[in-house]
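Heads up, the thing below is written out as structure tokens.
The values are calculated or read from the model by the stated rules, or taken from the named source; none is laboratory data. Computed from a predicted structure; not experimentally measured. As a convention, Cβ positions derive from the backbone with ideal geometry for all residues, glycine included, and neighbour counts pool all protein chains shown. The protein model used for the area step is the full one, side chains on, heavy atoms only, and it has no ligands, DNA or RNA in it. Shrake-Rupley method; radii C 1.70, N 1.55, O 1.52, S 1.80 Å.
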Amino acid sequence: MGVDVLLGLQWGDEGKGKIVDVLTPQYDIIARFQGGPNAGHTLEFEGIKHVLHTIPSGIFRDKVVNVIGNGVVIDPVILQKEIKQLEELNVDVQSKLLISKKAHLILPTHKLLDQASEISKGKQKIGSTLKGIGPTYMDKTGRNGLRIGDIKSPNFHEKYQKLKEKHFNLLKNSNLLKNLESTENEFLESIEYLKKFEHIDSEHYLNNASKNGKNILAEGAQGSLLDIDFGTYPFVTSSNTITAGTCTGLGIAPNKINKVVGIFKAYCTRVGSGPFPSELDNKVGEEIRKLGHEFGATTGRERRCGWIDLPALKYAIMINGVTELSMMKADVLDSFKEIYVCTHYIQQGEQIDYFPFELNENTKPVFMKISGWNQDITKCKKEADFPKELSFYIEYLEKELEVPISIVSVGPNRTETIIR
Ligand code: GDP
Ligand code: IMO
Ligand code: MG
């Protein structure tokens, strides 16, 4: 049967949670393959607005199994809180959530190391969510990490102490260690709590499920431009957010991947530091932020806003092998008489149409003006209801991006989704 993939093509927060929730009825299993609680995926339906950080966005639907894959990094404290919040909404998490034994654990000291790293970078800081993501992946590749599968092992505490001591050495000259005791107790309690959930060999589970005809959707976190290899390095996250991450983060072979759904906003946002050539650091950007409620779902920070960036989108589509697109938040542009598209960049005096080795503050956007639809599209129920300017925008993007736009989202709710 194989696996479909759904992931973000910009700098995250494209609306992945919403679309995974919309598509879940077509699947038996939803699996997260990378990232951790730096993610915030929002779902809205029947008067509920819910933000998920570690748990896959299929959790609200009945009869769907949700897998946290080996490529994910887990903060037990945050995961426990997430589970409790879902249980308050009468979601039976215990029967629907499986956790890979190979997923790595975020320790309290990983979060302190994240802080220390940001402090030492000063103005050059990444703008990390401070969830300990970078240091945890560093310990994974440094072959020091602790995994979910270690929780039940008799020498877990020994392994934990060893890693903690290593972190203490790194942090000894900082004053960050002072509040560690309470967070450490919370961590150890959550570790106990997580023992009651099913820990699996997710690579075996998923491959067997696929062999037995089950439909699997892999849910990406962050976005392609935050990918550790292909994003705007060093202003990126610490995992492979792209389709290839599905292979390493779930144990799915490349030839098992079917559809790749790439999600993008009708404009563009970024939270944290780093280059953003089509950014609107002005009134228009503020207006988009206000209309789109562009504030981080995890940290509450203001998201930087700008126009859509075609060279970056084309690059993300190429790297991911995107087979269909989902355009989100077109309704946020409803009040604009004209909208703009970044078609090229000017770099070192030269016009380029590709995503270069490095974007920097001297990379300037070349914009093309397009007529806005300038009317409310949130009531549109089918494509035929679209104003002609919106249809033109969609067709223009499809021609430029060479991939069909199969979903257009016109509001945050599950129901505000048009499948073309
Ligand atoms: P994710 O990280 O990719 O899942 O996206 P986030 O949840 O961080 O951010 C997307 C935000 O946009 C959330 O607040 C969603 O509720 C909201 N949203 C999603 N789709 C639409 C849409 O089509 N229109 C509007 N106005 N909001 C949307
Ligand atoms: P979802 O899944 C948007 C950004 C941070 C920072 C950089 C590195 O909701 O789309 P990290 O904490 O990973 O070390 O931060 O990446 N970032 C995100 N931005 N959406 C996310 O996730 C993000 N996860 C990380 O703001 O710039
Ligand atoms: Mg988000």
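Just a few scattered comments:
- Restricting the range 21-76 to residues that are of a type in the set (S, T, N, Q), away from ligand 1 (no atom under 13 Å from the Cβ) and not in a loop (DSSP other than H, G, I, E, B), the residue that is most open to solvent (accessible area, probe 1.4 Å): Gln26
- Any hit, the range 185-192, residues being among the hydroxyl-bearing types (Ser, Thr, Tyr), over 21 Å from Asp139 (Cβ atoms) and more than 16 Å from ligand 1 (Cβ to nearest atom): no
- Boolean, Asp21 is of a type in the set (Asp, Glu), over 17 Å from Leu86 (Cα atoms) and touching a strand residue (DSSP E or B) at 6+ places or on another chain (Cβ under 6 Å): no
- Verdict on Ser278 being more than 27 Å from Lys49 (Cα to Cα), away from ligand 3 (no atom under 16 Å from the Cβ), open to solvent by less than 70 Å² (accessible area, probe 1.4 Å) and under 20 Å from the mean Cα position of the chain (by Cα): no
- Search result, residues across the range 123-178 that are in contact with a Lys or Arg (Cβ under 7 Å, 6 or more places away or on another chain) and part of a helix (DSSP H, G or I): Ile148, Gly149, Asp150
- Criterion (more than 30 Å from His204 (Cα to Cα), small (Gly, Ala, Ser) and in contact with a helix residue (DSSP H, G or I) (Cβ under 6 Å, 6 or more places away or on another chain)) met by exactly one of Ser117, Ser57, Ser100, Ser128: Ser128
- Across the range 242-280, the number of residues qualifying as more than 26 Å from Gly213 (Cα to Cα) and in a loop (DSSP other than H, G, I, E, B) comes to 11.
- Residue under evaluation Leu217, criteria (1) under 30 Å from Asn360 (Cβ atoms); (2) within 16 Å of ligand 1 (Cβ to nearest atom); (3) among the hydrophobic types (A, V, I, L, M, F, W, C), criterion not met: (1)
- Complete set of residues in the range 324-376 that are in contact with a Ser or Thr (Cβ under 9 Å, 6 or more places away or on another chain), within 16 Å of ligand 3 (Cβ to nearest atom) and among the hydrophobic types (A, V, I, L, M, F, W, C): Met328
- Every test in (1) out of contact with any helix residue (DSSP H, G or I) (no Cβ under 8 Å at 6 or more places or on another chain); (2) in contact (Cβ under 8 Å) with a residue 40 or more places away in the chain; (3) open to solvent by 10 Å² or more (accessible area, probe 1.4 Å) is passed by Lys84 save one, and that test is (2).
- Verdict on Gly122 being under 29 Å from Leu176 (Cβ atoms), more than 16 Å from ligand 3 (Cβ to nearest atom) and open to solvent by less than 10 Å² (accessible area, probe 1.4 Å): no
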